[in-house]
Structure formats: structure tokens, C-alpha cells
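*Asks:* One structure coming up, written as C-alpha cells, with questions to follow.
The values are calculated or read from the model by the stated rules, or taken from the named source; none is laboratory data. Fair warning: this is a prediction, and the values are worked out from it, not measured in the lab. Here the Cβ positions follow ideal geometry from the backbone for every residue, glycine too, while neighbour counts run over all protein chains shown. The accessibility values were calculated without ligands, DNA or RNA, using every heavy atom of the protein model including side chains. Shrake-Rupley method; radii C 1.70, N 1.55, O 1.52, S 1.80 Å.
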Amino acid sequence: AATPDDPRFGEAFQSATSIFSTNDIKYHVNKVRAIQWADAASVPLHYAVARDIASSTVLQEKPDIQRSKIEWLQRHDQECGGLYGILPICLSLPVRSADHLDRRRGILKGCKGKIVGWSIAPDAQIWNKPPEVIYVQFDTAKTWRIEGLPRDNVFPVTAQRKPWFLDRGRKCPRLRITRLQFPLAPGFAITAHVAQGQTLRDGVIADFNISSAASVFTTYVAATRATGRGKLLIMRPFPPTPFQKGNGVGRELLLRVWRGDGVDWEA
């Protein structure tokens, strides 16, 4: 795709999965594409706002706590226990579980599904007080049904509490925050690490624009998740430099060991 308004983004690849080498872009793209998906499907989009509870230590060091909480909601989910600060929600929205929700039923972290409903919720776009349950129909290897629910593979997802730290860079972090949010993420973007072994039949939007320090094998993983050339769209132009460096020293040594070549380890 040469430009952001390439028509294929909204047509053949509307439900395709974007694959990136890092979490940073993935997090942003998931939110943007959820908004675009709801708009294209003409369904109302809601936002479930996380509740961050500060520990007593944080309250002592952060006198302007309300302003701080607004900033916390904008942080990367990986900094906040893997839970979104503001989670887009709408009917039929593709999602992935952000945690192992039910191992027995096969709902593990990254499991795909779609939202099919929720319990009583405010009649508003912003859910400061979200519903108790969001019902998600998960795509698992086995078919199952929970008593009282009308469809197969529908699981009631409740909000989780997870701790995170404002000073996580310290050797002994002490500024603890506890986040309450649904362990879900929009299902439009993943990293190459998560994509390994998957076959994405709705298509793949692969990002080859990687840093010089990133592994080119992430782009190989992304490209080979599609079922054919017609199901693969390269997200944007990319520089050739990372692909022209050849094998790194470590990888070259590993290949020599696998071939059974002699290696002068002292050298």
C-alpha cells in the first residue's frame, strides 16, 4: 500500500490482521482499526474506561491524583498489567483475550473471538462504570456451551484486577497501581511473536518497515501467515537496509553448528 487511504484497507482487508515487530504500533493500530471497523459496520462504539486504584504510597507522592489518573489511561497497555486504559467495545467486534481466561475450554491468551453482548450498561458512549460482564464468542478447538447461555463457545468475560508500577524501572518498585479492566484487546493487530504458527484466513497486513536493530525474520513470519499472495498486503513502503545486512555473527555461528562445521570458539 503506497498511501494510508488505499481502498484495500477498507475492502478486501477490512478484517485482516495487521502484524508488527513491536507492541508499540500494535497497541495504537488496534484502537484505530476498532474505530474504523465500528464506523464501517454502522454499529455504536463504546469505551470501557479502566479504574486505576492508587496505593497509599502513590497517594503520598502524587497530590494531584485525578490529573495523574487521566495520564495513566493513555499509557501503553504493556506498562499497565496488559490491560487497556480505554477499551473500545461494540457488537460483533473482533477481539483477542489478553490473558488465559479458561484453560479447560481453550481460552488462552491471544485466543480470537467476537463480542456478542454484555450485561446492563450505561446508555452512553463512555462507560465510566462498565457492565459486569461482556459476552464473547471465542474460536476454540473444541465446541462447548455454558449452561444458561444461548450460543456455543460464548464466555462471560469479567473485569480483572492487575497491579502495575509507576516506577517499574527501579530495582525495587514501590509506586503500585491496581487496574480494573476487561482482559480483552481489539483483534486487529498482533506481533510477529504471537503470530507464529497461525494461519490467518481473513488476510494479513504486514509491516516491513522495521528498525535496523529488529530481526528481519519478523517480516518473514508476518508474510507467511497468509494463505496466498492475494491475502497479503504490505502496509507501507519500507527501506531495504535491514534486509541487506546478511546474517549476524550469532546466527551464522548457529548455522555452522547445525551443519556440523568446526568452530574456533576462542577466536
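*Asks:* Sort 224-231, 28-35, 188-195 by the packing proxy (mean of other Cβ within 10 Å over each peptide's residues), most packed first. Each step should come with its number before you reach the end.
*Replies:* Values: 224-231: 13.8, 28-35: 18.4, 188-195: 20.8.
Result, highest mean Cβ count within 10 Å first: 188-195, 28-35, 224-231.
*Asks:* Additional query: Between VAL136 and residues 5 or more places away or on another chain, which pairs have amide H atoms under 5 Å apart, with H built 1.01 Å from N, and which residues are they?
*Replies:* For VAL136, whose amide H was placed from the backbone, the distant partners under 5 Å are VAL116, PHE155, VAL157.
*Asks:* Can you give the net charge of the other residues whose Cβ lies under 14 Å from the Cβ of LEU83, counting K and R as +1 and D and E as -1? Intermediate values should be presented prior to the final figure.
*Replies:* On the way: positive: LYS31, ARG51, ARG75, ARG96, LYS109, ARG161, LYS162, ARG179; negative: ASP52, ASP77, GLU79, ASP99.
It works out to a net charge of +4.
*Asks:* Explain nothing, just compute: Karplus ³J(HN,Hα) = 6.51 cos²θ - 1.76 cosθ + 1.60, θ = phi - 60°, for every residue of the stretch 3-14 in order, whole Hz, x for Gly and Pro.
*Replies:* So the J values, rounded to whole Hz, are 9, x, 9, 4, x, 5, 4, x, 10, 5, 10, 4.
*Asks:* Kindly rank 78-91, 152-165 from highest to lowest mean number of other beta carbons found within 10 Å of each residue.
*Replies:* On the way: 78-91: 19.9, 152-165: 17.5.
Put in order of decreasing packing, that is 78-91, 152-165.
*Asks:* Compute the distance from the alpha-carbon center of the stretch 130-173 to that of the stretch 86-109, in whole Å.
*Replies:* 6 Å
*Asks:* Largest first and in whole Å, what are the equivalent-ellipsoid semi-axes of the stretch 78-213 based on the Cα gyration tensor, each being the root of 5 times an eigenvalue? Can you show the working numbers first?
*Replies:* Numbers: eigenvalues 134, 103, 46 Å².
So the equivalent ellipsoid measures 26, 23, 15 Å along its semi-axes.
*Asks:* Considering only the other residues whose Cβ falls under 9 Å of the Cβ of ASP139, what net charge follows from Lys and Arg at +1 and Asp and Glu at -1?
*Replies:* Values: positive: LYS112, LYS114; negative: none.
With Lys, Arg at +1 and Asp, Glu at -1, the net is +2.
*Asks:* I want to verify the translational diffusion coefficient of the stretch 176-267 in µm²/s; compute it with Stokes-Einstein, Rh as the Kirkwood radius over Cα pairs, at 10 °C and 1.306 mPa s.
*Replies:* This corresponds to a translational diffusion coefficient of 97 µm²/s.
*Asks:* Here is a follow-up. Roughly how many nanometres apart are two label points built 7 Å out from the Cα toward the Cβ at TYR220 and SER42?
*Replies:* Label-label distance for TYR220 and SER42, simple model: 4.6 nm.
*Asks:* Tell me whether the stretch 91-171 comes out rounded, prolate or oblate; compute the Cα gyration tensor, take square roots of the eigenvalues as a ≥ b ≥ c, and use a/c under 1.5 as the rounded threshold.
*Replies:* Values: a/c = 2.39, a/b = 1.30, b/c = 1.84.
It comes out oblate by the Cα gyration axes.
*Asks:* Can you list residues whose amide H is under 5 Å from SER55's amide H, if they're 5+ apart or on another chain and H is modeled 1.01 Å from N?
*Replies:* Amide H neighbours of SER55, under 5 Å, 5+ apart: ARG176, THR178.
*Asks:* Quick one: net charge of ALA40's neighbours, Cβ under 13 Å, K/R +1, D/E -1? Each step should come with its number before you reach the end.
*Replies:* Numbers: positive: ARG33; negative: GLU11, ASP39.
That sum, taken over residues with Cβ under 13 Å, equals -1.
*Asks:* Among 3-12, 45-54, what's the highest-first ranking by average C-beta atoms within 10 angstrom per residue?
*Replies:* On the way: 3-12: 11.7, 45-54: 19.3.
Most protected by this proxy first, the peptides run 45-54, 3-12.
*Asks:* Same structure, new question: Tell me whether the stretch 26-71 comes out rounded, prolate or oblate; compute the Cα gyration tensor, take square roots of the eigenvalues as a ≥ b ≥ c, and use a/c under 1.5 as the rounded threshold.
*Replies:* It is prolate, given that a/c is not under 1.5 and a/b is the larger ratio.
*Asks:* For the stretch 37-105, what does the convex hull of the Cα positions come to per residue, in cubic angstrom? The partial results should precede the final answer.
*Replies:* On the way: hull volume 8.3 nm³, N = 69.
Residue-normalised Cα hull volume stands at 121 Å³.
*Asks:* OK, next. When the chain is fully extended, how far beyond the present Cα-Cα distance does ILE86 get from ASP24, taking 0.36 nm per residue of separation?
*Replies:* Gain on extension, ILE86 to ASP24, equals 20.8 nm.
*Asks:* Let's see if you can work this out: charge +1 on each Lys and Arg Cβ, -1 on each Asp and Glu Cβ, no other charges. What is the dipole magnitude of the stretch 176-237 about its Cα centre, in debye to the nearest 20?
*Replies:* Working: 7 positive and 2 negative charges, 21 e Å.
The calculated dipole for the stretch 176-237 is roughly 100 debye.
*Asks:* Here's another thing I want to ask about it. What does the accessible area of LYS62 come to, in Å² to the nearest 10, when a probe of 1.4 Å is used?
*Replies:* Approximately 80 Å² of LYS62 is accessible to the 1.4 Å probe.
*Asks:* Can you tell me the relative contact order of the chain? Whole percent, Cα pairs under 8 Å, sequence separation 6 or more.
*Replies:* Details: 493 pairs, mean separation 65.2, N = 267.
Computed value for the chain: 24 percent relative contact order.
*Asks:* Once you charge only the Cβ atoms, +1 for Lys and Arg and -1 for Asp and Glu, what is the size of the charge dipole of the chain about its Cα centre, to the nearest 20 debye?
*Replies:* Numbers: 37 positive and 25 negative charges, 114 e Å.
In debye, rounded to 20, the chain gives about 540.
*Asks:* Tell me which lysines have Cα within less than 26 Å of LYS142's Cα, excluding those fewer than 8 residues away on the same chain?
*Replies:* LYS109, LYS112, LYS114
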